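The values are calculated or read from the model by the stated rules, or taken from the named source; none is laboratory data. Being a predicted model, the structure only gives us computed values, none of them experimental. Cβ coordinates were reconstructed from backbone atoms using ideal geometry, including for glycine residues, and neighbour counts include every protein chain displayed. These area figures cover heavy atoms from the full protein model, side chains too; ligands, DNA and RNA do not enter into them. Shrake-Rupley method; radii C 1.70, N 1.55, O 1.52, S 1.80 Å.
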Amino acid sequence: MADDQHQTPTEQQTAGHRSPHAEEHTGGQQSSMAVDRTWWKEAIVYQIYPRSFNDTDGDGIGDIPGIIEKLDYLDELGVDIVWINPVYESPLADAGYDISDYRAIHPQYGTMADWERLLESLHERGIRLIMDLVVNHTSDEHFWFRQARKSCDNEYHDYYIWHPGTEEGPPTNWTSAFGGPAWEYDEVVGKYYLHLFDEKQPDLNWENPEVREEIYEMMTWWFEKGIDGFRMDVIDLLSKPRDFPDGDPSQEWVGIEHFGGGPRIDEYLSEMHDRVLDKYDCLTVGETVSVGVDDADQYAGPAGPLDMLFHFEHVTLDYGKQGWWTVRDWDLPEFKSVFTRWQNQFDGWNALYLTNHDQPRIVSRFGDEAHRRKSATLLATFLLTLRGTPFIYQGQELGMTNYPFDSLAELHDAQAVGNVQSAIEADVIENFEEVRDLVRYRTRDNTRTPMQWSGEANAGFTTGDPWLPVNPDYEKVNVERERADPDSVFNFYRDLVALRDEHDELVYGEYHLLLPDHERIYAYTRTLEDRCALVLLNFAAGKTTVTVPDVTPSAAELLLGNYGTPADLPGTQCGHHDSFTLRPYEARVYRLD
Ligand code: GLC
């Protein structure tokens, strides 16, 4: 394994036993003879979408005091790191990914004192905090952009990407991720500015050293306040070619081949690493929309500037010929091959996620709403037994599902609304009804509906009117019920967290895929020195009997399964001594001797 090759003798001598949750908040690396131990490799991350987590002041919007109120819950789940989506000052055109002041907290979420209290309270519990870093663009209401658009001579003008345009109009055919062209004409300065997202999110000009300086100072400022790292928004998009070539018009995101992993990206990220990241014992995870396993090392390989990255290969498996607009059926062998490629061919450390605030709920996408609990726990087993650092998105640990959105008016998601509106304007569709099922499946609002705490009004999320509707299933699916039920999705996550803590092979072990072509069973082993775990996952709504090469069921000791304890097992093997029979969405983790 790549990790083994990067140990220094000193690290080998300071071998220590891993106990991330109980560990002091001292950071630093621990090491053993076998693996390059690092706290963030052993951690489990919980992603909080603050707007939808817990509201304490009754305005229908989650807030920072609301997160503080629920820290016992996070402790109980057993997570080690919390990532919070942006809580900075913002006009909220893209839910806070349009920042107007990088060093201020939006009053809807609380005050800087609240944020400091959050950090302190997390650290008291040994939980680390990572913040969202959004530096591909700012809000158009950021001071820099307000100055920049005053005149071409303004000292901030060059903080953004301007172009006089061509005879036909915009400088290139590049499109915005949210629909329509990526260029907006500004009457005052008489030029176009680039916005790869909403027109209220102008792209920063990373060519300008002053911009980079400002960003590094801002990052340092947050590190000095005590944060433990950053999740870096669309970090592969920072560098744009200055000759502004047109993009291939058949691409869903026109121009991505030019601005995804652009000409100076390596230089910017290594500068950021040397100037800021290298000075702190931190975790960095880059969101990289354009990166495949072949270019991943340049970002987060053993010598890369970042620690991990979020690639998009599994969350675009269901994209059809017209990308976001078409849903394609995928099969299990394809799904396995994506994960296996990243497990085996990427030299860096994987960030493992199945959903986040930009994706549908996993039961509705990779699982089966008709088998909600079993498919949620199967996917949990998968996520927590792969090699890498698992990221759990709020509500995933309850088995939450998509929301039945009915009209455009119910949606807040800038991507869904923008795409639909641009398609209507371009006469591609006539109205929302034509694409309702698709939007219902895809919209990012599916994961942004309020967290379901109890069966009380608004699922206990707020005493006011929630900013997005609460999923109608909240009386059945909520924290109160899940905590009380020993067979719940929540309690299964807790068991998995504990299992991972006890079994080093589940963290550091080598991944080996078995039965690559099996249409229903996803099977793999995780091996570390003389320890080996076998994971069997039945991705099907029916019973499946399977023979696993070189494994006799009687020699396998069940460590955890989502159908109950080992006592249930004899009857499940149907008397076959050479095969395993798994029930619908059954997941099992075995120890092999
Ligand atoms: C990232 C964020 C997404 C946001 C976009 C623009 O993909 O995760 O929520 O809309 O970047 O900042």
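Assorted remarks:
- Some residue of the stretch 202-225 being over 23 Å from THR284 (Cα atoms) and within 15 Å of the ligand (Cβ to nearest atom): yes
- Residue ID - farthest from the chain's Cα centre (by Cα), chosen from residues in the stretch 426-443 that are in contact (Cβ under 8 Å) with a residue 60 or more places away in the chain and away from the ligand (no atom under 16 Å from the Cβ): VAL435
- Any hit, the stretch 175-185, residues being surrounded by 14 or more Cβ atoms within 10 Å (Cβ to Cβ), without any contact (Cβ under 8 Å) to a residue 40 or more places away in the chain and touching a helix residue (DSSP H, G or I) at 6+ places or on another chain (Cβ under 8 Å): no
- Between LEU283, LEU238, the distinction of being among the hydrophobic types (A, V, I, L, M, F, W, C) and within 25 Å of ALA416 (Cα to Cα) belongs to LEU238 only.
- Here LYS200 clears all of (1) open to solvent by less than 20 Å² (accessible area, probe 1.4 Å); (2) more than 14 Å from TRP174 (Cβ to Cβ) except the condition numbered (1).
- Of everything listed in (1) within 25 Å of GLY348 (Cβ to Cβ); (2) assigned to a strand (DSSP E or B), the single unmet condition for LEU560 is (1).
- Residues of the stretch 416-443 satisfying the condition of being part of a loop (DSSP other than H, G, I, E, B) and surrounded by 19 or more Cβ atoms within 10 Å (Cβ to Cβ): THR443
- Residue that is farthest from the ligand (Cβ to nearest atom), among those in the stretch 82-95 that are closer than 25 Å to ARG125 by Cβ and in contact with a helix residue (DSSP H, G or I) (Cβ under 8 Å, 6 or more places away or on another chain): VAL82
- Residues that are open to solvent by less than 50 Å² (accessible area, probe 1.4 Å) and more than 16 Å from the ligand (Cβ to nearest atom) number at least 2 in the following helices (runs of 4 or more DSSP H) confined to the stretch 253-367: 265-275, 332-345, 362-365.
- Identity of the residue in the stretch 530-546, open to solvent by 20 Å² or more (accessible area, probe 1.4 Å) and touching a helix residue (DSSP H, G or I) at 6+ places or on another chain (Cβ under 7 Å), that ends up nearest to LEU513 (Cα to Cα): CYS532
- Test: residue in the stretch 369-384 that is under 20 Å from the mean Cα position of the chain (by Cα) and either open to solvent by 10 Å² or more (accessible area, probe 1.4 Å) or among the basic types (Lys, Arg) (or both): no
- Selection of first residues in the stretch 292-303 that are of a type in the set (A, V, I, L, M) and of second residues that are open to solvent by 70 Å² or more (accessible area, probe 1.4 Å), restricted to Cβ pairs under 6 Å at least 6 apart or on distinct chains, gives the following pairs, ordered by first then second residue: VAL293/ARG341; VAL293/GLN345.
- Residues that are under 22 Å from the mean Cα position of the chain (by Cα) and on the phi < 0 side of the Ramachandran plot within the stretch 223-248 comprise PHE223, ILE227, ASP228, PHE230, ARG231, MET232, ASP233, ILE235, ASP236, LEU237, LEU238, listed in sequence order.
- Matching residues in the stretch 115-144 - criterion: being within 13 Å of the ligand (Cβ to nearest atom) and outside any loop (DSSP other than H, G, I, E, B): ASP132, LEU133, HIS137
- Given (1) surrounded by fewer than 24 Cβ atoms within 10 Å (Cβ to Cβ); (2) away from the ligand (no atom under 16 Å from the Cβ), number of the condition MET400 does not satisfy: (1)
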